[in-house]
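Trainee: Before anything else, here's the structure in question.
Please treat every number below as a calculation from the coordinates, not as lab data. In this text, all values refer to a predicted model and were calculated from it rather than measured experimentally. No Cβ is skipped: glycine too gets one built from the backbone with ideal geometry, and neighbour counts run over all protein chains shown.
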Amino acid sequence: MTQEERIEQMEALFDKSNEVLEQLKQSVGAFLSIQPTIEELANYYRSDWRTDFEADEKGKLPAGLKRGVLSEDGLWELLEEYQRLKDCLEDQV
């Protein structure tokens, strides 16, 4: 490998590393910024979720209403995954 080839190879690695680090920085920032949203969802899950879920089960909600938040495990799994990722980030610091 020539000196020029080595520099080109290292430049490509440098560029790729900068790109990935920038993406990670943006993703971590977005992740941290949703904490209030996660708290609101957790409060909903502890309070009104069961009532809304039961109303859906009884067919009392409009057919066209988007209701992914009412899936039996969807919201719980989202909250658990958030906590797992948060713990992972905290363990790395």
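Trainee: Give the Debye-formula value of log10 I(q)/I(0) at each listed q (0.11, 0.15, 0.17, 0.26 Å⁻¹), with one equal scatterer per alpha carbon of the chain, two decimals each.
Mentor: One equal scatterer on each Cα of the chain leads to -0.55, -0.76, -0.86, -1.27.
Trainee: Of Asp15, Asp91, how do they rank once you tally other Cβ atoms within 10 Å and put the fewest first?
Mentor: Listed from fewest to most nearby Cβ atoms, that is Asp91, Asp15.
Trainee: Starting from the Cα-Cα distance between Gln3 and Gln92, subtract it from 0.36 nm times their residue separation and give me the gain in nm to one decimal.
Mentor: On the way: separation 89, 0.36 × 89 = 32.04 nm, distance 3.67 nm.
28.4 nm is the gain from fully extending Gln3 to Gln92.
Trainee: Output ³J(HN,Hα) for region 4-13: one whole-Hz value per residue in order, computed from phi by the Karplus curve 6.51 cos²θ - 1.76 cosθ + 1.60 with θ = phi - 60°, and x for Gly and Pro.
Mentor: Ordered by residue, 3J(HN,Hα) equals 4, 4, 4, 5, 4, 5, 5, 5, 4, 5 Hz.
Trainee: Taking the chain as a Gaussian network, Cα atoms linked when under 10 Å apart, which of Glu81, Glu11, Glu40 shows the biggest mean-square fluctuation?
Mentor: Glu11
Trainee: Right, something else. Summing Lys, Arg as +1 and Asp, Glu as -1, what charge do residues with Cβ under 14 Å from the Cβ of Ile34 carry, Ile34 excluded?
Mentor: Result for the neighbourhood of Ile34: -2.
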